[in-house]
Structures are given as C-alpha cells and as structure tokens.
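The values are calculated or read from the model by the stated rules, or taken from the named source; none is laboratory data. Since the model is a prediction, treat every value here as computed from it, not as a measurement. Neighbour counts are summed over all protein chains in view; Cβ atoms, including those assigned to glycine, are modelled from backbone coordinates with ideal geometry.
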Amino acid sequence: MPHSLYRPFRRSARTALPLLGLMLAGGAQAADDKLYLFNWTEYMDPAIIDAFEERYDVEVVQNYFNSQPEMLAKLNAGGVSQYDVIVPSNYYVPRLIETGLVQPLDKTKLSHLGNVMDTFQDPGYDPGGDYSVPYQWGTTGIIYNTDTFPDAPKSWSLLFDANENPDYPFAVAGDGQVTMGGACAYLGHGYDCTGLDAWREAAKLLIETKGRDTFSGFTDGTPALQQLSRGVVHAAMSFNGDYLAFKDEDPEGFANTAFMIPDEGAEMWVDTMMIPAEAPNSDLAHAFIDFLLEAEVGAQLSNYNYYASPNAAAEPYLDEVLTQPPVQPSDDDMQRLRFIPSLSGDELQVFQQLWSEVQAR
Amino acid sequence: MTRHGLHRGLRVFWWLTLLFLYLPLAVVVLYSFNASNSAAHFTGVSLRWYYRLMGNEALLAALGNSLLLAVVSSLIALLLGSLVGYGMFHHRWRRLGWLVVLIYLPLVLPDIVFGIAEMAFFVQVERLTGWLSPGLGTMVIAHVSFQIPFVALIVYSRLVGLDPSLFEAAKDLYASPWQRARHFLVPTLRPALISGAFLSFTLSLDDFVISFFTAGPESATLPIYIWGAIRKGVSPEINAIATLMIAAVVLVAVASLLLGRQRAGRG
Amino acid sequence: MSGPGVLAAPGGRRALGETRHLLLTVAPGVLWLLIFLVLPGIYLMGVAFMTNGPYGQPQMPLTLDAFERLAGYGILGWSPANLYTLLRSLAQTLIATLLVVAISYPLAYHISTAKARWRPVMLLALVVPSWTNQVIRTFGWMNLLAPGTPLAGLAESLNLIPSNMGLYPSNIAVTLGLVYNFLPFMVLPLYAAFEKLDISQVEAAQDLYASPLRTFRHAVFPQTLPGLLAGVVLVAIPAFGMYVVSELLGGGKHMLLGNLVARQFGGGANWPLGAAGAILMLLATFAGLYVMRRLGRRLGGGDEVVI
C-alpha cells in the first residue's frame, strides 16, 4: 500500500527539514525587536530589563562573560556583529577603540548624557567620552575573615607578608594587572605602576608568594567571596559592591568578614557601556544606554548591584548604603585609589611575559 | 577460595567506585534542598531554590538547548560514525592511512583549539555567505565533528575483535549486503552502537569549551550558564538545576535500560 | 576506454564495487570532517605563523615569532616557564591515565563476569555521572574537598596536607578530577574487550601458569590490549588538553598546556602563540600515538590494534 509506505518518509522529512533549517540559519538573529546585551554575570537588575522591554516593546537577550579577556575573545571572534551593548571595564576601553571593535556613540540619541557625573564626562580611558558611557564604578580591595585576623593591618601585607599570615589559605586575583598592581603597591611602587623594574620586582614577589604553603590560588574577585564564606580562603582580593551584595544575600555566611582598601593604594575601576562596531541594532543599543542613564533607572541599577553610580542625577534615589563606605570610599581612601593603566604595544608584551612567568612557575 | 576472595574484593571495589562516582553528585543534590543560602552549612530542607528556578527563563532555555544539542548531534554522529567505522574495517587492507589521520584529528585537537578553529571558520563562512551564523546549528556541527571518531573507533574496535570466520558464515548465509547488514552486522554491532551513542551523548552534554566558542547569543547551554555562575559565585539555584539535570539523566538511563530489557525479552 | 573486457573482468568489477562501497560508507563522515574540521584547523595552523597584533589579533606578515615565544624567548630574553608548563602537563596526564587504567581493569573484569542481565545496569551506573556536565561534577568536587570538609579533615589528620588548607585547590584535586572525568572512557572499551575475551585461553593459561599475575600477562592482557589502547587514547588526549578541571580545581596555581593555550585566545591575547601551542600539543600527541602503536605491536596486538 503506497500510503503506508509513504508515511515513514513523510515523518522523517518532517523532522529533517526544520533541523536542516536550524543548521543552516543558526539562530535567526538581528531581528529588529531584539537587543543583545553582553554583560558580566548577575550585574543587571531583571526589573530594569522588564521595564525596558515593556517601554520599547522589544526582547532583551542577555549573554554573560566572567572576565574582560573572555569578552574580548568573544568579540574578536564574531561577537562584534552579534551584540548590541557590551560592558567592558576602563582599562579595556582603549583596546576596544583602537582595534575598531566598537563604534563611536551618536550623542544626539543619548538625551540623558548630561546625567553623567563630571568626573566621568571626559575620562582618561576614553577622552571626550566618545565611545563609552559609564555603567557602575567600584574598587578592588582585600576581603578577609575577621575571626582569623582580628587585628588585620589595612595593608597588602595581609596577602604578601608571610609573617602577617603564616597559617591560613589566601588567594590573589587571576587578572594579571589587578594582582601585579597589588604587589607593586605593597613594594611601594604604587598600584598603577608601569615599567620593567617595578613589574619585575612585583613578579618576583608573586612567584615567592606562590611558593608559600598557604597560597590557595588565583581567584577572581567574585568567586573569592564565595571561597571566603566557605573557608576555602581567609583573605583574598575582591570588589566592594559584590562584597556587600553577597553579604546581604547571606548575612550569616559573611558575618565575620570585612572589606578594606589597603593604605598603599588599590584599584578603582569603571565599567562602561559600549556598542560593538557591527552591532545588529545600534539604534536600540543607544536607546538602552539612554534608558540606563535616566536618574531613577541608574539608581535602581546601583541599588541592585551595590555599586556606586556614575549618574549624578541618580543620587537622590540611591539607598543609604550606597552613600557610605565601602561603596563610596572615604576621602582618604579615594586619594589612594588608582585606575589600572591601559597597556599596549611593547609594554603589553613585557607585562604579559612577566605575568605568564608568574603563572607558569 | 582465592577465587571467592577475588570476587568479594572486586565487589567491594565496585561499590567503592560507585561511591566515588556519585558522591560529588550527591552533595550537589543535598545542597539543592538547603534552606539557607549558605553553601557551607546545611540548615534544613527547603524547596525555595526550585521555586526560584521556575522564574529563571534563561536557565531553563539553557537546559533545553543542552538536551536538544546532545540528542541531535549524537544521532547524526551515530549514523556517520558507524559507517566510517565499518568502512575502515572492511577496507583495512587498503592504504587508509589518510583516513586514520583524519579520524584521529578531532581526538588530538585540544578542546580549546577545536573551539577557536570552528568559531573562526563559522564566522568567516557567515561573512561570505550569510550561512552558519553562531547558534545551535553551528554547535551541532562542531559536536558531530568530535563525536564521529568516537563512534567510528568503537565500531571498528568491535569489528576487529570478531572472529573472521563469522563474516564468511554471514556471506554464505545472506546473499545481499543489505541482508547481511540487517541480520548480521547490526545485531552483532549492537553493543558497540549503543555504547557509541551513549558516548556521543555523554560527550555532548559534557562539553563546555567547544560549545562556549561556537554558541550564539541565544544558544547558551547549561554548562555555559553554570560556568558563568560558578565564576560569579554559585547560587543554590545552580545546585537545583544541576539536580534536575541529574534526575533527568537518571530517568533517561532507567528508560533506556527498561527499553533494552523489553526488546531483549521480545527477541 | 580500453574496451569492455577490462571492466567486465570479475576482478575489475569487484575492485570497482569495493571502491563504491568504500565511498558509500566512509565518504559522508569524511566529508563532514574535511569541511568542518580540517578546513578550520588549517586556518588555525596558519594563524601560528602570523604576527601578533598589538592586542592579540593575528596579522600579516608571516613569521616564526610565535614559536620563539613558545620556546621561551620573549621580549625579556629566555625563560623556562613554558617548559615547566609542558612537563607538568605530561606528568599530570601520565599519572591520571595510569590511575584510570589501574581502576578500570578490575571494574571492566568485574562487569564482564557479572550476570548478563546486570551488565547493562552496571555499565549505565558508571556512565550516568558523566552524562551530567563536567562543570557540575567539578563543582561537586569543589564542595567535597574544600577546607573543613570531612575528606579534607581526614587528609589533614594523616598529615597529607598543611593544616587549614583543604584538598582544593591543589594538584591532587586536579588529578582526582581528571580520573573522575575520564574513568568511563576507559572502562567502556576495556569492557568491550573483556566481553569478547576468549575464556578458554584464560582457563588454559590458568592451568599453565597458576599465578594470576602471569595469567593476566599472558592471556588477559594481550586480548584486552585493543580495548586498553582505545581507552588510553580516549583518556590521555583529552586529559592532556584539559582546561576546565585545572582551572576550577587547581586554583590556577599550576598551569597546564591547555590553560596556556586557552589563555592566549583570551587574557594572554596572543592567538599566534596559542596556535603554536596547539601545534606543540598535536606533535606531542602524535608522538604519543606513535609510541603506543609500536608498543601495541611489540606486545603482541599485531596490526589490528586500534590504529
């Protein structure tokens, strides 16, 4: 009977055709009504996304990265035409601009640009603010267990001096420039040190540090918090806002912990919003950035993230915790905070050789 | 007496191995029911993380992507791979060195290099033709590429181990190659085909690095999502979704087992 | 055309049929691999000979810089860092593979001697954990090995580790993670080999040699060799390129080659160096395969050993 002979074929055709379409087209993308956001994990209030989706009748597709290098790698490999908004940190901004991976902003589409604080209107990493709009800013300091170190010094020595911490596991950050900065600061070269001599000395210190029995490993800021609460480490490097967010989520686990900015100097960073050079929907990207620049939305973002807002107009709406340390560092601490220098060319090569030496030894 | 001792020892060893294999999973399951947010202390039983899970669309989508990817890719790989394995065996007296090299290539490429190479290629093709933009399709292609050799090798190694006289007997028994394939090869190869399919499925669910580099904005798999979460600091939600995945895997396992039983009973 | 006679000859027709057969069976898979693997691979190999741009993108002109960097010559002169990394990777792979083999032999044997109806269940029990993702499994180990856990306490009381430190992150944790991840890949092919083991040979050997060790050496080992070598291929190669386990369980303390290569495509921002590292990995792997092939022949596996 031809009918029953035909049936299996029809069935397989029914499953095969969509599959074929799937394989050829990949996910259909770049639809007019979608915004592709490439952000750090858990760095965005879902309510903000909902509000934006509702106002513009669009869908926001979020993708996440865990480190700057990861984001750059993804952009370099095609992401440049897949994402509408990315959130790099200050010292990656010049690299993105120089490599042509991002497009200049059309400031006529950013009606709330005036809300940005004066300090961030003309930042060193992006003169004139032509390519980037600040998202949040914060600091990288030391987190530690206050039971283990009741008299912890306000100093990098908690990590780098074996006499200060002979017995308990500790970690340093996995991002080379962040950790080398700490070592430089401890050695008296300043957190934003550059140049072969300072770096070489810092690298030596780090190799020695790695050799200590109590060295736990290279752990980036956010996982370090988790490790601190579980006792995997008793001191590590982390970010002020994440520290507060974790503490708020799990007051018990973080009861005996503290965050401090070492007196030798530490990092201040700014995460920014940028638009990739071939963004599928740059109009919507501008709309999204402008949306986040609105006073109340900007405040909502900071209230959710526990990070300081670069949005001057947002100030009245900020939770009280955001106006005091450690979110808003004390004046003294502010004096000691530095941006990580953005490296390029030979300087970058030298740094990378030293850092890979530290990692491989 | 010594033989008895050996068997008892082996049984103990077997159970110890199972403990070794399941302990980490058990911990994940246990903490998914933890009432508190703490990852360090178990404070009581609660389902709150599962409730939170239901609202997390991205995570559920990632779960769906993972399963779809694993099923589709291992089916394609099973077909292509077993054909290659059989061809390699049947023509093993020919000069097939090039084929061997080709088959081993996916095995010797480190995940990370594999992923980067695929991604760069897909991006290039997409620029030229508009096809193969990163997404589930490109992930299926990449996964099949690393699954084929595993299936081929398992089938080949099974065939090599067979008594050559079996093939002669089959030739006498069945006239056409199709009959031979149906009544001799497939039944004989069934263990190899099953373990090939299992392995492909496993490899696909297991893969993180290659998926990561070939994924598009909307095709993140569970591992990609979870990796992000671990790097950011694990929330107990991850334990919950992992538990669901473990449960799903166990269900599939039991189902495949019962199915196999049924078929064996009938045959 | 040399006339119908040649084609009509039985041998000729047979050869033609055989070629068609070869094409029918092998071609689809081969084409897939050529297009979706070899082509991308060639492109990547090309990258190794390109110049590293200021931020890590490959550029023209062609150069051998990446290989010099890999050998340890950098802008600051020579350093043994990459050499350490390579040796560490080799050692870690070797240890993990040996452990996996040692665990898998008794397991595969045990399964093959179990009642037939239980064998699929047992195989399944071994494979099921690896159906869950390696990221999840590794995370489970992070929970188990952290300081303050019973396992870490035990190791501490046995003086295996310094106090307060826990078993993770450490090299031991990485080895454990590797063994855990790759165990099924060894047991499955070994079991397949055991399943078709000629038991009469083993019994004969038992009569002949009496000692279990010699029985194993003369009867069991040669017969299971194809499975073993297949298993070693399935275990050692991914272990050599491992990235996730060493990243999560090792704390990034001791870099392996996989991490070195991975970092060049990310933070290291040096694609040519990463591609050169990939070539080094391939060379090391090919060397390993060659040795194994020779070994297989010498140990009596004949030509019929996997490769």
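Would you pick out the residues in the range A:162-172 that are small (Gly, Ala, Ser) and more than 10 Å from chain C (Cβ to nearest Cβ)? Don't jump to the end; show me each part of the working.
Step one: of the range A:162-172, the residues small (Gly, Ala, Ser) are A:162, A:171.
Residue satisfying the conditions is A:Ala162 alone.
The single condition among (1) away from chain A (no Cβ under 12 Å); (2) in a helix (DSSP H, G or I) that C:Gly274 does not meet is (1).
Check whether at least one residue in the range B:177-184 is in a helix (DSSP H, G or I), in contact (Cβ under 8 Å) with a residue 24 or more places away in the chain, buried (at least 17 other Cβ atoms within 10 Å of the Cβ) and touching a helix residue (DSSP H, G or I) at 6+ places or on another chain (Cβ under 7 Å), and report yes or no.
Filtering the range B:177-184 down to residues in a helix (DSSP H, G or I) leaves B:177-184.
If we keep only those that are in contact (Cβ under 8 Å) with a residue 24 or more places away in the chain as well, we get none.
Checked against the condition, which is being in a helix (DSSP H, G or I), in contact (Cβ under 8 Å) with a residue 24 or more places away in the chain, buried (at least 17 other Cβ atoms within 10 Å of the Cβ) and touching a helix residue (DSSP H, G or I) at 6+ places or on another chain (Cβ under 7 Å), the range B:177-184 yields no hits at all.
Every listed requirement among (1) surrounded by fewer than 23 Cβ atoms within 10 Å (Cβ to Cβ); (2) within 21 Å of B:Leu53 (Cβ to Cβ) is met by B:Thr221 save one, (1). Looking at A:Thr139, A:Thr99, A:Thr119, just one residue is β-branched (Val, Ile, Thr), buried (at least 17 other Cβ atoms within 10 Å of the Cβ) and over 26 Å from B:Pro217 (Cβ atoms), and that residue is A:Thr139.
Can you tell me which of C:Pro238, C:Pro226 is crowded, with 19+ Cβ neighbours inside 10 Å, at the interface with another protein chain (Cβ under 10 Å from one of its Cβ atoms) and closer than 30 Å to B:Pro223 by Cβ?
Numbers: C:Pro226 fails: closer than 30 Å to B:Pro223 by Cβ.
Among C:Pro238, C:Pro226, only C:Pro238 is crowded, with 19+ Cβ neighbours inside 10 Å, at the interface with another protein chain (Cβ under 10 Å from one of its Cβ atoms) and closer than 30 Å to B:Pro223 by Cβ.
Criterion applied to B:Ile246, B:Ile224 was being part of a helix (DSSP H, G or I), within 12 Å of chain A (Cβ to nearest Cβ) and in contact (Cβ under 8 Å) with a residue 40 or more places away in the chain, and the one residue passing it is B:Ile224.
The criterion of being of a type outside the set (Asp, Glu), closer than 24 Å to B:Phe167 by Cα and either more than 7 Å from every other protein chain (Cβ to nearest Cβ) or buried (at least 22 other Cβ atoms within 10 Å of the Cβ) (or both) holds for B:Arg94.
Residues checked against (1) at pLDDT below 85; (2) part of a loop (DSSP other than H, G, I, E, B); (3) under 18 Å from the mean Cα position of the chain (by Cα):
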site: C:Ala173; (1), (2), (3): no, no, no
site: C:Tyr180; (1), (2), (3): no, no, yes
site: C:Gly231; (1), (2), (3): no, no, yes
site: C:Val245; (1), (2), (3): no, no, yes
site: C:Gly258; (1), (2), (3): yes, no, yes
site: C:Ala262; (1), (2), (3): yes, no, yes
site: C:Leu282; (1), (2), (3): yes, no, yes
site: C:Phe286; (1), (2), (3): yes, no, yes
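State whether one or more residues within the range C:112-122 are surrounded by 22 or more Cβ atoms within 10 Å (Cβ to Cβ), within 12 Å of chain B (Cβ to nearest Cβ) and of a type outside the set (Gly, Ala, Ser).
Going through the range C:112-122, the residues surrounded by 22 or more Cβ atoms within 10 Å (Cβ to Cβ) turn out to be none.
There is no residue in the range C:112-122 that is surrounded by 22 or more Cβ atoms within 10 Å (Cβ to Cβ), within 12 Å of chain B (Cβ to nearest Cβ) and of a type outside the set (Gly, Ala, Ser).
Give B:Ser219, B:Ser195 a once-over and let me know the one that is under 21 Å from the mean Cα position of the chain (by Cα) and away from chain A (no Cβ under 14 Å). Spell out how you get there, then give the answer.
On the way: B:Ser219 fails: away from chain A (no Cβ under 14 Å).
Residue meeting the stated conditions: B:Ser195.
Applying the criterion of at least 2 residues that are in contact (Cβ under 8 Å) with a residue 60 or more places away in the chain and out of contact with any Leu (no Cβ under 9 Å at 6 or more places or on another chain) to the strands (runs of 3 or more DSSP E) found wholly in the range A:162-281 leaves A:266-273. As a summary of the residue check, C:Ala96 satisfies the conditions (1) surrounded by fewer than 17 Cβ atoms within 10 Å (Cβ to Cβ); (2) modelled with pLDDT of 85 or more except for the one numbered (1). Taking the criterion of being under 13 Å from A:Leu292 (Cβ atoms) and either in contact with a Phe, Trp or Tyr (Cβ under 7 Å, 6 or more places away or on another chain) or free of Cβ contacts under 8 Å to residues at least 24 places away in the same chain (or both), the residues of the range A:38-61 that qualify are A:Asn39, A:Asp45, A:Ile49, A:Phe52, A:Val60.
Take A:Tyr64 and tell me if it is free of Cβ contacts under 8 Å to residues at least 40 places away in the same chain and assigned to a strand (DSSP E or B). It would help to see each step written out before you state the result.
Working: free of Cβ contacts under 8 Å to residues at least 40 places away in the same chain: yes; assigned to a strand (DSSP E or B): yes.
So A:Tyr64 fits the description; yes.
Among what's in the range C:191-210 and is over 26 Å from C:Ala230 (Cα atoms) and surrounded by fewer than 11 Cβ atoms within 10 Å (Cβ to Cβ), pick the residue that is farthest from the other protein chains (Cβ to nearest Cβ). Within the range C:191-210, the match that is farthest from the other protein chains (Cβ to nearest Cβ) is C:Asp207. Name every residue in the range C:149-190 that is farther than 29 Å from B:Val151 by Cβ, crowded, with 24+ Cβ neighbours inside 10 Å and not hydrophobic (A, V, I, L, M, F, W, C), in order of residue number. Those that are farther than 29 Å from B:Val151 by Cβ, crowded, with 24+ Cβ neighbours inside 10 Å and not hydrophobic (A, V, I, L, M, F, W, C): C:Gly166, C:Tyr168, C:Pro169. Taking the listed residues B:Trp131, B:Trp178, the one that is facing another protein chain (nearest Cβ under 7 Å) and more than 19 Å from the chain's Cα centre (by Cα) is B:Trp131, with no other qualifying. Filtered by the rule that a residue be surrounded by fewer than 24 Cβ atoms within 10 Å (Cβ to Cβ) and either on the phi > 0 side of the Ramachandran plot or in a loop (DSSP other than H, G, I, E, B) (or both), the range A:72-96 gives A:Ala77, A:Gly78, A:Val87.
Per this entry, A:Gly176 is not counted among residues that are touching a Pro at 6+ places or on another chain (Cβ under 8 Å), under 21 Å from C:Gly252 (Cβ atoms) and small (Gly, Ala, Ser).
Checked against the criterion of being among the aromatic types (Phe, Trp, Tyr) and over 20 Å from the mean Cα position of the chain (by Cα), the candidates A:Phe246, A:Phe215, A:Phe259, A:Phe239 yield just one match: A:Phe215. Applying the set (1) surrounded by fewer than 24 Cβ atoms within 10 Å (Cβ to Cβ); (2) farther than 20 Å from A:Thr139 by Cβ to A:Asp192 leaves exactly one unmet item: (2). Of A:Ala258, A:Ala295, all but one fail to be farther than 30 Å from A:Cys193 by Cβ and surrounded by fewer than 23 Cβ atoms within 10 Å (Cβ to Cβ); the exception is A:Ala295. Take the residues in the range A:39-60 that are buried (at least 19 other Cβ atoms within 10 Å of the Cβ) and modelled with pLDDT under 95; name whichever of them is nearest to the chain's Cα centre (by Cα). Residue satisfying both the conditions and the ranking: A:Trp40.
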